[in-house]
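Let me begin by presenting the structure, written as C-alpha cells, before commenting on it.
Since every read-out is calculated from the coordinates, none of them should be taken as a lab result. It should be emphasised that the depicted structure is a prediction, and the values quoted were computed from it without experimental measurement. Here the Cβ is made from the backbone with ideal geometry for all residues, glycine too, and neighbour counts use every protein chain on show.
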Amino acid sequence: MTVIDLNALWAEVNAEFWAGRLPTPQLEFGQPDSEPVHAATRWLPGGGLLVRVSPESASVPGLNQVRWTRDVLRHESIHVAMGRPRVGDGHGRGFRRHARRIGRQLGLPAPVSFRSWPATVRPETYYTTIEIGARSWNN
C-alpha cells in the first residue's frame, strides 16, 4: 500500500479550494463511526475536528490511492467548511453549492448525487491511473 500523508493532502486541498482558510483537523485512517462510508468528519468536544478516512476504501487493488484519498478529502473539506450540520447528513444546499464550485474548478460535470461526490462524476478509469509528473497512464 502506498504511504499517504493525509496532512500534506489536506494542505493541498485547503490551499487549492479554500485559500488556506480551513482549520487543519486531526486526520487519520480508521473506520468511520457511522454506516459504511469512505470517510467521516466529526466535531469533537472542546471544538476540535476529526476527519477519519476508511483504510479499506483506499486499499482496493489497482486503485490510485493518492487520487482516491485526495478526492475523499475534497469531499470532507466541504463538511469542515460548512460546520456541524444542524439536520440531515450534511449534504444539503450549502454542501451542494461548494461541490459544484470545486467540481467546476476541476472540470467535472454537475453531480446528481452528492453523498460520494466527486467519485460519482469521475471517469471510470480516473482512480486506476498512475500519475507521473504531468503525464498519466492507466494501470
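Here are the numbers:
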| quantity | calculated |
| --- | --- |
| Neighbour cut-off at most 11 other Cβ (10 Å), DSSP loop, GluC sites (Glu not before Pro), the stretch 23-95 | 56 |
| Environment charge of residue 82, counting only residues whose C-beta is closer than 12 Å and scoring Lys/Arg +1, Asp/Glu -1 | +3 |
| Most mobile of 40, 15, 81 in a GNM of the chain (Cα contacts under 10 Å) | 15 |
| From the coordinates shown, log10 I(q)/I(0) by the Debye sum over Cα atoms at q = 0.09, 0.12, 0.21 Å⁻¹ corresponds to which of (1) -0.34, -0.61, -1.44; (2) -0.25, -0.46, -1.54; (3) -0.23, -0.41, -1.40 | (2) |
| Filtered trypsin sites (Lys or Arg not before Pro), the stretch 48-103: DSSP coil and at most 15 other beta carbons within 10 Å | 86 |
| Surrounding net charge for residue 52, when Lys and Arg each add one and Asp and Glu each subtract one, Cβ distance under 13 Å | -3 |
| Antiparallel DSSP beta bridges within the chain, as percent of all bridges there, nearest 5 | 70 |
| In sequence order, calculated HN-Hα J values of the stretch 15-31 (Karplus, 6.51, -1.76, 1.60; Hz; x Gly/Pro) | 5, 5, 10, 10, 6, x, 7, 6, x, 8, x, 5, 10, 7, 8, x, 6 |
| Choice from 99, 110, 39 showing the highest fluctuation, given a GNM over the chain with Cα pairs closer than 10 Å | 110 |
| Nearest-ten-degree value, helix 93-106 long axis tilted from longest Cα axis of the chain | 30 |
| Extension gain from residue 24 to residue 115, taking 0.36 nm per residue of separation minus the Cα-Cα distance | 30.5 nm |
| Under 11 Å, Cβ to Cβ, from residue 105 - net charge with Lys/Arg +1 and Asp/Glu -1 | +3 |
